[in-house]
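Reading through the structure tokens given below for one structure.
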Amino acid sequence: MKLSIGGPLKLAFRPWVEGLENVPAEGPAILASNHLSFSDSFFLPAVLDRKVTFIAKAEYFTTPGIKGRMTAAFFKGVGQLPVDRSGARGAGEAAIKSGIEVLERGELFGIYPEGTRSPDGRLYRGKPGGLARVALATGAPVLPVAMIDTEKIQPPGKVMPKLMRPGIRIGEPLDFSRYQGMEHDRFVLRAVTDEVMYEIMKLSGQEYVDIYATAAKRRLSEAAKAEKEAAKEAAKKEEAAKKEAAAKRAAAAAREQIEGGAVPDGKPDDPDGANGADGGERGGAAGVGRPGGERSGS
């Protein structure tokens, strides 16, 4: 996969890298990275000589059909481990177990402390469960990693990626051996996670937001839904206003026609005086006086 995917990826996008010397040539280590794009899991392993194992949602491995089988084969090929996210606690335990197994084999384990991709390019609060517990359970050093501009390569809704140079900064390893054996203390887990996120923030230059990215996504989704509903309601009101205005214009036009005499008011017209002529003929036929005072019977 490094030859078939990594080589062309580096050739096409030419990612720049700082801090490669901080990655150990052998032995276990945790790469804790910010998460801006789906491509983060490809660019980071592509620039390293060693294999990096990330965890991936189980749907990538279980989707039916030809496309699903190809996706599963790809993720297996790049060494991703499936994690069932149907239950929050179960997903967390599975991720921790998978990470510990990778590190116990002396390999590199990649993890995104934010838990999901950033919805707006900012850095969000790290989740304390996975990263800190794996680090304290194994004693492996944590290398903070900053992905730079990967979200600009293929923004949401874009099919074709933009050819540009993303960046990767790898910080010096962080040692948390002072907390060894305290992986179940939630205050220690929070402290370890916050220290890693602070180092990532310094490397990436991102604005830090002290809420979880999942909560931010939920708020954005709710705001978008509310905006959509408001737009629908506004469209309905606008349509009703147009119909009302059209009805008023039609009524006004009808009144103008009636007042101008262009429309009959219900009485028969008699422009030629035909009714009066008929009456005179009927009077003569009845003999109501002839010239000379003659009567019709004389």
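Listed values, structure above:
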| quantity | calculated |
| --- | --- |
| Mean Cβ neighbour count within 10 Å, used as a protection proxy, ranking 203-211, 31-39 highest first | 31-39, 203-211 |
| Rg [Å, one decimal], Dmax [Å, integer] - region 126-228, C-alpha atoms | 17.1, 51 |
| Placed amide H near Gln154: partners under 5 Å, 5+ positions off or other chain | Lys162 |
| Relative contact order of region 5-211, defined on C-alpha pairs under 8 angstrom at six or more residues apart (%) | 29 percent |
| Accessible carbon and sulfur surface of region 33-128 relative to its total accessible area, %, 1.4 Å | 54 percent |
| Leu174 long-range amide H proximity, modeled H, under 5 Å | Val142, Leu143 |
| Neighbourhood charge, 14 Å Cβ-Cβ cut-off, centred on Ala247 and excluding it, Lys, Arg +1 and Asp, Glu -1 | +3 |
| Residues whose placed amide H lies under 5 Å from that of Lys57, excluding near-sequence neighbours | Val83 |
| Extension gain, Arg165 back to Ala251 (0.36 nm per residue minus Cα-Cα distance, nm) | 24.4 nm |
| Cα lying deepest toward the dipole's positive end in region 72-198, options Gly129, Leu108, Thr150, charges on Cβ | Thr150 |
| Region 5-211: radius of gyration over Cα atoms, expressed as a fraction of 2.2 N^0.38 Å | 0.98 |
| Relative contact order of region 1-118, pairs being alpha-carbon contacts under 8 Å that are 6 or more residues apart, as % | 38 percent |
| Accessible carbon and sulfur surface of region 134-243 relative to its total accessible area, %, 1.4 Å | 55 percent |
| Too-long pairs where the Cα-Cα distance tops 24 Å, listed order kept, from Lys97/Lys202; Lys225/Lys248; Lys2/Lys76; Lys2/Lys57; Lys217/Lys237 | Lys97/Lys202; Lys225/Lys248; Lys217/Lys237 |
| Distance between region 8-39 and region 55-72 - C-alpha centres, whole angstrom | 24 Å |
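The values are calculated or read from the model by the stated rules, or taken from the named source; none is laboratory data. All values derive from a computational prediction rather than experimental measurement. Here Cβ is always computed from backbone atoms with ideal geometry, including for glycine, and neighbour counts include all displayed protein chains. Please note that ligands, DNA and RNA were not included when accessible areas were found on the heavy atoms of the full protein model with its side chains. Shrake-Rupley method; radii C 1.70, N 1.55, O 1.52, S 1.80 Å.
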